[in-house]
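Here is the structure we will look at.
The values are calculated or read from the model by the stated rules, or taken from the named source; none is laboratory data. Keep in mind that what you see is a predicted model, and the values were worked out from it rather than measured. Here the Cβ positions follow ideal geometry from the backbone for every residue, glycine too, while neighbour counts run over all protein chains shown. To get the accessible areas, we keep the full protein, side chains included, count just its heavy atoms, and leave off ligands, DNA and RNA. Shrake-Rupley method; radii C 1.70, N 1.55, O 1.52, S 1.80 Å.
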Amino acid sequence: LDPALVQGLETAAAYAADWWGWPRPRFEARAATPTIGDGPAASFFTGGIDSTFTLHRNLRRYPADHPLRLRRALHAFGIDNGLGADNYGSASERRAHASLIAGLGTYLDQYAIRIERIDTNMRTFVPKNEFLDHFYGAMIIALAHASGPGVYRMPSTFSIPELRPAASHP
């Protein structure tokens, strides 16, 4: 089975287990490497727990030659920090963010993943709570489109049993 299919089946099984109490099946099969569109696979990456979990789950699931193995980490400056409604535009904030990007880049180098910074000011148009609850997912999709062809992952904050309306939940 393709590892992406296994991931989708595991997610569906988790919903069924949580909602109806069904047992979770174990999927065992030889891995296959499909041909998937142009562009290296990417995930949004802040260095926080959600994006780090997404990164390591991907690295465990997909072999090095698989087209869904992450090769790019997109760090959107202006969502969680900088350029947004909180106006982190000071020189000291820019230096701190440059240090963060350098540290994340060093961390990702060990996995042969390239960090790419994308700047946005989209958060300035919507209050933070509304942004996170309703618009975050759409903005991440727009940034993915702007960064070129490829397969993208968007880390999610809530697990299946804890789902509530949020712009990045599964």
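List of remarks:
- The accessible area of residue 18, taken with all protein chains in place and a 1.4 Å probe, comes to roughly 70 Å².
- In the assembled protein chains, residue 111 presents an accessible area of approximately 60 Å² (probe radius 1.4 Å).
- Solvent-accessible area of residue 93, all protein chains in place: 80 Å² (probe radius 1.4 Å, heavy atoms, ligands and nucleic acids excluded).
- Exposure ranking of 113, 101 by accessible area [1.4 Å probe, largest first]: 101, 113
- Efficiency of FRET from Cβ geometry, residue 56 and residue 22, R₀ 35 Å, rounded to 0.05: 0.80
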